[in-house]
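One structure is given here, and the rest of the page talks about it.
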Amino acid sequence: MNDTHTTETEILALLDRHLRSIWAGDLAIYTATTAPDVTFYEWYISTQRIDGLDFHLRETAANHRAAEARRQAGHRYEVEHEVLAPKVQIYGETAIVTYTLLMRYTTDEGVRHTEHNETRVFHRGPDGWRLVHCHKSPMWPAPHDPAG
């Protein structure tokens with residue numbers, strides 16, 4: 001096994017751990033895998049760039065509280081993800097991962113899926129690899145014309 005393959009495997013494992021921390025509301029893992037000055041473009045949250053870890057800690061905690069409230073009220077609510085067609089590009093201490101994120105939500109009403117394209121950029125520093133930037137794009141053709 002060569003170093004590039006090992007690093008790609010490491011990055012994909014980190015990505016999975018990072019994503020799972022969001023659905024689990026695990027703020028310690030999210031913080032450990034994300035740079036304090038992270039930047040995001042999330043089309044479904046804001047039309048502007050979102051700067052810093054604090055926003056996403058609050059967002060993750062709020063989503064987790066909402067999911068737990070559903071469960072405590074006796075409703076089914078499970079979140080899973082699939083990373084489709086990932087490509088890892090490594091440039092020294094920087095790794096770029098592009099993929100389609102397929103989300104599966106299982107509720108009392110059944111199973112619902114959403115998907116969008118993502119680019120996540122990780123940088124390796126003294127504390128290991130951390131997310132420094134994420135850009136999410138919707139999965140419909142331009143101009144903006146979502147189905148439904």
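The values are calculated or read from the model by the stated rules, or taken from the named source; none is laboratory data. The shown structure was predicted, so the numbers you read here are calculated from the model rather than taken from an experiment. With ideal geometry, Cβ positions are generated from the backbone for all residues, glycine too; neighbour counts draw on all protein chains shown. Ligands, DNA and RNA are stripped out before the accessible areas are found, and what is left, the full protein with its side chains, is counted by its heavy atoms. Shrake-Rupley method; radii C 1.70, N 1.55, O 1.52, S 1.80 Å.
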Inverse of mean 1/r across different Cα pairs in the stretch 28-148, Kirkwood, Å: 16.2 Å
Acute angle (nearest 10 degrees) that the helix 53-72 long axis makes with the longest principal axis of the chain, alpha-carbon atoms: 40 degrees
Solvent-accessible surface (1.4 angstrom probe) belonging to R49, in square angstrom, nearest 10: 120 Å²
Separation in nanometres of the label points that stand 7 Å from Cα toward Cβ, at A73 and A28: 3.0 nm
Portion, in percent, of the accessible area of the stretch 9-49 that falls on carbon or sulfur, probe 1.4 Å: 56 percent
List Y30, Y44, ordered by accessible area with a 1.4 Å probe, largest first: Y44, Y30
Exposure of H133 as accessible area (Å², to 10), given a probe of 1.4 Å and all protein chains: 40 Å²
Other-chain or far-sequence residues with amide H under 5 Å of V38's (modelled H): G52, L53
Share of Cα-Cα pairs in the stretch 51-95 lying beyond 12 Å, as whole percent: 75 percent
Helix-derived mean residue ellipticity, 222 nm - over the chain, DSSP H n ≥ 4, -39500 (n - 2.57), to 500: -11000 deg cm²/dmol
Heavy-atom accessible area per residue - the chain, 1.4 Å, Å²: 60 Å²
Selected from H56, H113, H64 as most flexible by GNM, with the chain as the system and alpha-carbon contacts under 10 Å: H113
Residue-wise HN-Hα coupling along the stretch 103-118, computed from phi with Karplus coefficients 6.51, -1.76, 1.60 (Hz; x: Gly, Pro): 10, 10, 10, 9, 10, 4, 7, x, 10, 10, 10, 9, 8, 7, 8, 9
The chain - percent relative contact order, Cα under 8 Å, separation 6 or more: 20 percent
Max mean-square fluctuation residue, GNM over the chain, Cα-Cα springs under 10 Å, options G92, G128, G25: G92
Listed residue (T94, A13, G25) projecting farthest to the positive dipole end of the chain, Cβ model: G25
Magnitude of the charge dipole, the chain, Cβ model with Lys/Arg +1 and Asp/Glu -1, debye to 20: 220 debye
Solvent-accessible surface (1.4 angstrom probe) belonging to S137, in square angstrom, nearest 10: 40 Å²
The stretch 87-101 - phi-based ³J(HN,Hα) in whole Hz, Karplus 6.51/-1.76/1.60, Gly and Pro as x: 10, 10, 10, 10, 10, x, 9, 10, 10, 10, 10, 10, 5, 9, 9
